[in-house]
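Q: My questions will all concern the structure given below.
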Amino acid sequence: MARAIIDEKVCKGCGLCVSVCPKKILRLAAERINDKGYNPAEVTDASLCIGCAMCGIMCPDSAITVEK
Ligand code: SF4
Ligand code: SF4
């Protein structure tokens, strides 16, 4: 099963991955803040991930790894 793995420590909460995901399964975790002081991105429903890797390509900080 494809899945996107987000390194929350690296994420700067820019939201680019959220906007690009065709399955709309990424969001910024409003209730959590990482060590950098940002709301990190998270996957809401991993079972819907199609492994397109758009999120990983878009992330300016290479915080997302996609496994197929
Ligand atoms: S790999 Fe594609 S479907 Fe999966 S979370 Fe990233 S953008 Fe969304
Ligand atoms: S694109 Fe990268 S840095 Fe921006 S919110 Fe997504 S994981 Fe975080």
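None of the figures in this text is laboratory data; all of them are computed from the coordinates on show. This structure is a prediction, so every number in the text was calculated from the model and none was measured. Positions of Cβ are generated from backbone atoms using ideal geometry, with glycine treated the same way; all protein chains shown enter the neighbour counts.
Q: Please list the non-local residues whose amide H lies under 5 Å from the amide H of Cys11, H modeled 1.01 Å from N, same-chain partners needing a gap of 5 or more.
A: The list, which skips near neighbours in sequence, is empty: none.
Q: Each label point is 7 Å from the Cα along the Cα-to-Cβ direction; what then is the distance between the points at Cys52 and Arg27, in nm?
A: According to this spin-label approximation, the distance is 1.9 nm.
Q: Would you calculate the volume per residue, in Å³, of the smallest convex hull containing every Cα atom of segment 27-68?
A: 81 Å³
Q: Under the Karplus relation 6.51 cos²θ - 1.76 cosθ + 1.60, θ = phi - 60°, what is the ordered set of whole-Hz ³J(HN,Hα) values for segment 19-31, x standing for Gly and Pro?
A: Values, residue by residue: 6, 9, 5, x, 9, 6, 10, 10, 8, 8, 6, 5, 8 Hz.
Q: Straight-line reach from Lys12: which lysines have a Cα under 22 Å away, not including same-chain ones fewer than 8 places off?
A: Straight-distance partners of Lys12: Lys23, Lys24, Lys36.
Q: Per the helix-only calculation at 222 nm, which mean residue ellipticity applies to the chain, given -39500 (n - 2.57) for every DSSP H run of n ≥ 4 and division by its residues, nearest 500 deg cm²/dmol?
A: It comes out at -3000 deg cm²/dmol, rounded to the nearest 500.
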